[in-house]
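The values are calculated or read from the model by the stated rules, or taken from the named source; none is laboratory data. Note that the structure is predicted; figures quoted are calculated from it, not measured. When we count neighbours, we look across all protein chains shown, and the Cβ atoms used for this are built from the backbone with ideal geometry, even at glycine.
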Amino acid sequence: MKKNQNGFIQTPILIAIIAGILVIGGAGYFGVKQYQNSQQEKERAQEQTEIQQKALEQAQTEIEKLKQESEASKAKQSQLEQTVKNVSTPTQNNDQITSKELAPYLTGVGLVQCFADDGTLKGSGSLWNFGGSLGYAVLTNEHVIDVSGDRCSVAIGNTTEDKTHNGFFRIDIASRKLWNPYTDVAAVPISYSLRFEEGSNSTAQQIMATVAKLNYSLTSLGSCPTEMPQGAPVVLIGYPAYSAQVDPVLIPRTVTNGIISGFDEKVKKPQGNLPYVNYLVSAKIDSGNSGGLALSKSKGKLCILGIPTWLTVGNYETQGILQNIHNVFYNK
């Protein structure tokens, strides 16, 4: 490098050196500044992303909350609509037994009379078509037909709905059938119609044709479940003794209703000999009801509950006892 005479660097060269330093320093400064700005931009972008993520999560939470509130609102609305419907529409009791349902079976129950030396035994009995050797028969209490000789009959009275299923018929107590010795029930074959007894021209075919015309619809009516619940409806069809006060000769058929109020457990194994309970019922029952029929209702359908048999007398209340129809036909 050339120096001037006094030993100093020439001015143009010095300027060039300073300019170079400034250029290099400026470039470094701007590089650093640009890097700092870039980092700040990244941080701002990250913050913005986090803010957006939080906003999204809050929005999803609000949506879920609104969805739950909407479902709760729909459920409440549905409940209110059902309440309004129940208030505006009277509730129908499907277990209530109506007169229309009973009508087809009324003439299937008759008055059973047995003439003994010490008086007349009267009770009720239902008509069944058992088929086979038993055939057409009356199902009644055995104590009602507990007489000697062949002096028992069943009388079927008229009803306003049906005037064909009626008459007086001899029953053959010597051929009665019992399914077991633990129930007070017997099936007694109907032997012939008394309306032809004095007719010299009547034939066996005519007699049995009359018997065959009776109302055996109970045969196809199903039995109730083996143990019906307390409170289930009960209807009794029969000829109770108090009806004889109206007409001692043509005793009117009566229908009384009530509920199953309790159970007779002592007849059930192992204490007793039968597989099922018998029933205590609140329906009005009298001595003439013995051997009649008790109906109930299960799952909306009429069914045979049992046979009225005894009374249990308390201090202020009388309860009737029904033999469970499943006990009646128990033969093991």
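Just give me the residues in region 98-145 being loosely packed, with under 14 Cβ neighbours inside 10 Å and free of Cβ contacts under 8 Å to residues at least 40 places away in the same chain, in sequence order. Even if it seems obvious, please write down each step before you answer.
Within region 98-145, the subset loosely packed, with under 14 Cβ neighbours inside 10 Å is 98-100, 103, 115-120, 131-133.
Hits for region 98-145 are 98, 99, 100, 115, 116, 117, 118, 119, 120, 131, 132, 133.
Note on region 87-97: residues that are exposed (fewer than 10 other Cβ atoms within 10 Å of the Cβ) and at pLDDT 85 or above amount to 0. Against the condition of a type outside the set (Asp, Glu) and closer than 14 Å to residue 237 by Cα, how does residue 288 come out, does it pass? So residue 288 passes the test. One residue stands out in region 262-279 among those that are surrounded by fewer than 17 Cβ atoms within 10 Å (Cβ to Cβ) and not acidic (Asp, Glu): the one that is nearest to residue 104 (Cα to Cα), namely 262. Of the residues screened, residue 297 is not one that is among the basic types (Lys, Arg) and either within 24 Å of residue 188 (Cα to Cα) or at pLDDT below 95 (or both). For residue 54, the conditions (1) modelled with pLDDT under 80; (2) of a type outside the set (Gly, Ala, Ser); (3) over 51 Å from the mean Cα position of the chain (by Cα) are fulfilled apart from (1). Could we say that residue 286 is modelled with pLDDT under 95, acidic (Asp, Glu) and surrounded by fewer than 16 Cβ atoms within 10 Å (Cβ to Cβ) here? Considered against the rule, which asks whether it is modelled with pLDDT under 95, acidic (Asp, Glu) and surrounded by fewer than 16 Cβ atoms within 10 Å (Cβ to Cβ), residue 286 comes out as no.
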